[in-house]
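Worksheet: one structure, shown below.
The values are calculated or read from the model by the stated rules, or taken from the named source; none is laboratory data. None of these values were measured; they are calculated from a predicted model. A quick note on method: Cβ atoms are made from the backbone with ideal geometry, for glycine too, and the neighbour counts reach across all protein chains shown. The area values use the complete protein model at the heavy-atom level, side chains included, leaving out ligands, DNA and RNA. Shrake-Rupley method; radii C 1.70, N 1.55, O 1.52, S 1.80 Å.
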Amino acid sequence: MATRQGLDASIVNRLGADQQALFFAVKAEFDTDDIRIWSGIDDITINSETYTGAGSLLNISNVEESLELKSSGLAVALSGMDSTVVSYALTENYQNRPITLYLGYVMGGTNEVAGTLTLFKGRMTSLVINDTPQGSTVSIDAESRLVDLDRPSNFRYKSK
């Protein structure tokens, strides 16, 4: 059976299971530290790193993939989180910093990861903080590296 690059055997085995428990996880890499959150509750370990559960407070835009060579962006919004996330948003350099979105499976009713695959890997382009009486929402827009193909090259060739 042909598999997509980066799709490990544990994911392929889960695809045939009767019940599927999917989750999303986001890793935003800042200079000081990484923010790692996932769409469930409690903590979970992915690739030996701990991800904090955000539950329904995490909102992720649609991830598009096509046969065309084009870039699709990603938008991640996180609301109601602690002051650490807002502090990073206010003080850290975020532009062109890596962000990764994972899709994974958990084993029936537990927070044990059965496998993950990378849905999106790109760079953060903008970060907006909306502060309301209900709490702060941090929204991050990201772009794939494919967007560089649309930009003109600054290299100049000179013959001798």
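Please tell me if L90 is modelled with pLDDT under 85 and over 17 Å from T32 (Cα atoms).
no
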(request) Would you tally the residues in region 34-49 being more than 15 Å from L78 (Cβ to Cβ) and either in contact (Cβ under 8 Å) with a residue 24 or more places away in the chain or not in a loop (DSSP other than H, G, I, E, B) (or both)? (result) 7
(message) Can you find, within region 128-156, the residue that is most open to solvent (accessible area, probe 1.4 Å) among those that are modelled with pLDDT under 85 and among the hydrophobic types (A, V, I, L, M, F, W, C)?
(response) F155
(request) Look at region 102-146 and say how many of its residues are in contact with a Phe, Trp or Tyr (Cβ under 7 Å, 6 or more places away or on another chain) and closer than 17 Å to V85 by Cβ. (result) 2
